[in-house]
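*Asks:* Have a look at this one.
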Amino acid sequence: MNPGRIRRLFRLPSRHGRDIDADLRDEIDAHMALAVEALVRRGVDPATALERSRARFGDFDGSMRVLAHSARQREGQMQRREWLDTLRQDLGYALRQLRRAPGFTAAVVVTLALGIGANAMMFGIVDRLLLSPPPHVQDASGIVRIYQVVKWPNSDVATIPVLNYAIYRDLATVPSFSSLAAYGFPQNESVGRGRDAIPIMLNAASASLFPLLGVRAEIGRFFLAEEDRPPTGTPVAVLGYGLWRRQYGGRADVLGQKLLIGSLTYTIVGVAPRGFTGVDLKTVDVWVPITTAAYTPSSDFATDRGSLWLRIVARLAPGATRGVATEQGFATLTHGYEVAKARTFATGIELASVIAARGPGDQNEAKVAAWLLGVAGIVLLIACANVATLLLARALRRQQEVAVRLALGISRGRLLTQTIADSFVLAMLGAAAALLTAHFAGAALQAWLLPDMALESGFLSRRIVALVIAAVVLTGILTSLGPVLQTGRVDLSMTLKSGGRTNTGGRSRGRTTLLVFQAALSVMLLVGAGLFIRSLRN
């Protein structure tokens, strides 16, 4: 009695879920059929024999699911092992081919390193300017910069980021702000006098800036609220990480030492963490309280509403919106001027992202960085076209080899995977060289384009590495298209008969297309560069 007949006679389930392997099901059915047949030979009627066999087997459906799941896992492991073994062989073959042609490999790697490295460097600048919040700032989405919209006597309207200490104290009462902080502009100062003087960048900030940003000191502490009270604060200072490492060797005993800045002697109470620049990207060597006399523009700075010398940031209260905070802030600002009977040109305030380049008004650095990123993208496409031309030329030279391998039994699919693996190996080598280029040249390029930007936090970041990985995938796909198509078109019999001297027309068309593409991109790049230089002159 075969399993199919038992299934038909006693309606034994033929499928217990779409994913159950057919071979496993047939094997279980065969065992059931043998058990039923043995009972029938003993004189048991077929229906009872089937019932007893099923009872002895137990939960048939559950056992089928468990066995099928185990079989699928085992099959998946075997497939993954086989795939990894094939990948290892293809990568090894690609590396052997590259070692045989060191000049070709070097040319391709250098070309890709320049293309991918340019994108990594440009993206690093764009990331720092437009995408990433300032280093060490926590929950940056809840922090806003406060701008003042003014209408000057000549009727010009402008949005400016500078306010004053009196406005800062007024805005601190706005219910939509859970905390408020002010800071100034970095100033060139010196520590000490005479030949031993050390040039530094000094900045003043309110004591509330550091807790608002959520930053922690590297060692020691930041200054406290009671050390930053008008009219005269306590002369304490927080060193920037770079100055601490350069001048003090990173020693912890720097706390309590004195700094002579201008006419005041400051006591060092802490060191800022590496890369911390506040909410701007300007290098700061020493932080001091706003209320210390060495920085403030006048003795009555706390009530003077005429001078504009501070920038203000705020953290929105839970549930507060920018629209409500804007209305409350402008009402508070206007009321402060009315009480002081002072004239104001303010017609409103505007809240913007803590990332300065996203703020209102013209942001020249952001425009330059975005344009350069586009140029770097074109450079990568040109590099891909150059590499694709080289790979296509090599594929044409290897037609005879491909034909021989096909004649020996290798499948076209395996040839295609080896061709793709070859392109990706080259792309990965180019990416490794690009990361080295970005690491060593990126900081120099950033210092040349944006000399005031702080570099202490390093150039490479996770986003840049992710961009390089994406560039590797894109480059591998683009550069493998030509060789893949060429390999797929190889005519086995014709190539073997002619010794590989075929497809001359296809060779010409492929190369011509790539050359036209490169020329078009190069012209576009040159025209764009010319327009950009002209814009910079204007």
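*Asks:* Once amide H atoms are placed 1.01 Å from N in the peptide plane, what residues at a sequence separation of 5 or more from ARG221, or on another chain, have their amide H within under 5 Å of its amide H?
*Replies:* GLY270, VAL271
*Asks:* Let me ask something additional. Using packing as a proxy for protection, rank 226-237, 72-83, 203-214 so that the peptide with the highest average count of other Cβ atoms within 10 Å comes first.
*Replies:* 203-214, 226-237, 72-83
*Asks:* Which residues' amide hydrogens lie under 5 Å from the amide hydrogen of SER178, considering only partners 5 or more residues apart or on another chain, with H built in the peptide plane?
*Replies:* When sequence neighbours closer than 5 places are left aside, the close amide H contacts are ARG315, LEU316, ALA317.
*Asks:* Here is a follow-up. What percent of all Cα-Cα pairs in the range 235-339 falls in each 5 Å bin, counting up from 0?
*Replies:* 2, 9, 16, 15, 16, 13, 12, 9, 6, 2, 0
*Asks:* Keeping every protein chain present and rolling a 1.4 Å probe, give me the accessible area per residue for the range 50-200 in Å².
*Replies:* Solvent-accessible surface per residue comes out at 54 Å².
*Asks:* Taking all protein chains as present, what is the carbon and sulfur share of the accessible area of the range 26-146, in % to the nearest whole number, probe 1.4 Å? Let's see the in-between values first.
*Replies:* Working: 3840 of 6790 Å².
Result for the range 26-146: 57 percent of the exposed heavy-atom area is carbon or sulfur.
*Asks:* Report ³J(HN,Hα) in whole Hz for each residue of the range 237-254, in order, from the Karplus equation J = 6.51 cos²θ - 1.76 cosθ + 1.60 where θ = phi - 60°; Gly and Pro get x.
*Replies:* My calculation for the range 237-254 gives 9, 10, 7, x, 4, x, 5, 4, 6, 6, 9, 10, x, x, 7, 6, 6, 5 Hz in order.
*Asks:* Let me ask something else about it. If you count, for each residue, the other Cβ atoms within 10 Å and average over each peptide, how do 344-351, 284-291 line up from highest to lowest?
*Replies:* 284-291, 344-351
*Asks:* Return the long-range amide H neighbours of ARG274 (sequence gap of 5 or more, or a different chain), with a cut-off of under 5 Å between placed amide H atoms.
*Replies:* none
*Asks:* May I have the pair-distance distribution P(r) for the range 160-221, computed from all Cα-Cα distances with 10 Å bins from 0 and rounded to whole percent?
*Replies:* 17, 37, 30, 13, 3, 0
*Asks:* To the nearest 20 Debye, how big is the dipole of the range 304-416 about its Cα centre, given +1 on the beta carbon of each Lys and Arg and -1 on that of each Asp and Glu?
*Replies:* The dipole of the range 304-416 has a size of about 780 debye.
*Asks:* I've got another one for you. Which percent, to the nearest 5, of DSSP beta bridges fully inside the range 166-300 are antiparallel?
*Replies:* DSSP beta bridges in the range 166-300 are roughly 60 percent antiparallel.
*Asks:* Whole-Hz ³J(HN,Hα) for each residue in the range 73-84, computed from phi via Karplus 6.51 cos²θ - 1.76 cosθ + 1.60 with θ = phi - 60°, x for glycine and proline: what do you get?
*Replies:* Per residue, the Karplus-derived 3J(HN,Hα) values read 4, 5, 5, x, 5, 5, 5, 5, 4, 5, 5, 5 Hz.
*Asks:* Then there's this: Provide the net charge surrounding GLY142, with neighbours chosen by a C-beta distance below 12 Å and charges set as Lys +1, Arg +1, Asp -1, Glu -1.
*Replies:* +1
*Asks:* Sorting check: for 317-324, 411-418, 153-160, 216-223, which peptide has the highest mean count of neighbouring beta carbons within 10 Å, and how do the rest follow?
*Replies:* Values: 317-324: 12.4, 411-418: 14.6, 153-160: 10.0, 216-223: 18.2.
Highest mean packing first, the order is 216-223, 411-418, 317-324, 153-160.
*Asks:* What list of ³J(HN,Hα) values in whole Hz, one per residue of the range 85-93 in order, does the Karplus curve 6.51 cos²θ - 1.76 cosθ + 1.60 (θ = phi - 60°) give from phi, with Gly and Pro shown as x?
*Replies:* 5, 5, 4, 4, 5, 5, 5, x, 5
*Asks:* Based on alpha-carbon atoms only, what is the radius of gyration of the range 258-403 relative to the globular estimate 2.2 N^0.38 Å?
*Replies:* Here the Cα radius of gyration is 1.86 times the empirical estimate.
The values are calculated or read from the model by the stated rules, or taken from the named source; none is laboratory data. All values reported here derive from a predicted model rather than from experimental measurement. Methodologically, a virtual Cβ is constructed for each residue, glycine included, from the backbone with ideal geometry; neighbour enumeration extends over all protein chains shown. Just so you know, the surface numbers come from the protein's heavy atoms only, side chains and all, with ligands and any DNA or RNA stripped out. Shrake-Rupley method; radii C 1.70, N 1.55, O 1.52, S 1.80 Å.
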